[in-house]
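Here's the structure, in structure tokens; my notes come after.
The values are calculated or read from the model by the stated rules, or taken from the named source; none is laboratory data. Note that the structure is predicted; figures quoted are calculated from it, not measured. All Cβ positions, glycine included, derive from the backbone under ideal geometry; neighbour counts span all protein chains shown.
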Amino acid sequence: MKLALLLFTIMLMTGCSVDQMVVRTSIPMIEGGVEALNHETDLELAEESIPANLNMLMGMINIDPENTQLHTFAAQAYYGLAYGFNEDYRPERASVFYLRGRQHGLQALEISGASNLLDSTIADFDKQVSEMGKDDVAAMFWAASCWAKWIDLHRNDPEAIAQLARATALMQRVIELEDTFYYGGAHMYFGVYYGSRAPLLGGNFEKSRQHFDRARKITGSRLLIPDLLQAQYLARQQQDRQDFHNRLTKIVNAPDDLMPELGLQNEIAKRKARLLLTKESEWF
């Protein structure tokens, strides 16, 4: 009786419906599901499981639309689906997923107090980002990750390129607040940001290497994505065929149990490395 009264009181105080309370108590289950998926090394099984998990997540968001954690999970899920399983062979589909992920990430930030992040002036955008705190790091990271990858898929569109400053501002704030977040993912972002362009166009190869080195230090070089991105963007931009080949070959030959808690990401890196190696003679 006392427990039922306590739950009723909590619902009144938070304005939650019974369904919303059920959703919110299910968040640890979602976190457990993400952890289990990250351990999965069978790429086909992982790809098949993501849509069902996303459908469940969308249903939970329909019940509790102001839940920032759910929107952040959705942004992460759409990024993983696009980058891991669609970008290399179905870029149009990946583009749609990146946009969905960006929307959920920005929505999480706007629920937390930001406003009009897509259409505000860049000055207002930067001001809002400067006021975001540690509680916003996850939403900023996944919104920026989805945003930047969508831009990368539309690199010949000036309107898309013009949005890069906003994604970069979000990721810079992540660096300022928690540079180790998601295994140094923000450093990988800036490794690509500085390494994918010639110096005359804003690139900086030394800064790129420093960010990739920092990302490797954060994971003890057990995550393969930093080397994959360094080969794909920096080595290619520098026309360093040997570095390109060596890094990708090292990824392909890496032990399967190098980082079990991110086994899925490492398997994705291996598949992408094999694909990039088939383009070596074309690119160099």
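Within region 54-72, being farther than 16 Å from Glu110 by Cβ and touching a helix residue (DSSP H, G or I) at 6+ places or on another chain (Cβ under 6 Å) holds for Leu54, Leu57, Met60, Ile63.
With respect to Gly191, is the statement that it is within 27 Å of Asp257 (Cβ to Cβ) and in contact (Cβ under 8 Å) with a residue 12 or more places away in the chain true? Yes, satisfied. Listed by first and then second residue, the pairs linking a residue in region 214-240 that is free of Cβ contacts under 8 Å to residues at least 60 places away in the same chain to a residue that is among the acidic types (Asp, Glu) and not in a loop (DSSP other than H, G, I, E, B), with Cβ atoms under 6 Å apart and 6 or more places separating them unless they lie on different chains, are Ala235/Asp243. Which of the residues belonging to region 41-72 are within 18 Å of the chain's Cα centre (by Cα) and among the acidic types (Asp, Glu)? Answer for region 41-72, where residues must be within 18 Å of the chain's Cα centre (by Cα) and among the acidic types (Asp, Glu): just Glu47. Any residue at all in region 158-174 that is buried (at least 17 other Cβ atoms within 10 Å of the Cβ), in contact with a Cys (Cβ under 9 Å, 6 or more places away or on another chain), of a type in the set (A, V, I, L, M, F, W, C) and under 29 Å from Asp135 (Cα atoms)? Looking for residues that are buried (at least 17 other Cβ atoms within 10 Å of the Cβ), in contact with a Cys (Cβ under 9 Å, 6 or more places away or on another chain), of a type in the set (A, V, I, L, M, F, W, C) and under 29 Å from Asp135 (Cα atoms), one finds at least one in region 158-174, hence yes. Among the residues of region 18-50, the ones that are without any contact (Cβ under 8 Å) to a residue 40 or more places away in the chain and in contact with a Leu (Cβ under 7 Å, 6 or more places away or on another chain) come to 2 in all. Evaluating Glu92 against the criteria (1) more than 17 Å from the chain's Cα centre (by Cα); (2) at pLDDT below 95; (3) part of a helix (DSSP H, G or I) leaves one unmet condition, (2). Only one of the numbered conditions (1) crowded, with 20+ Cβ neighbours inside 10 Å; (2) modelled with pLDDT under 95 is not met by Leu201, and that is (1).
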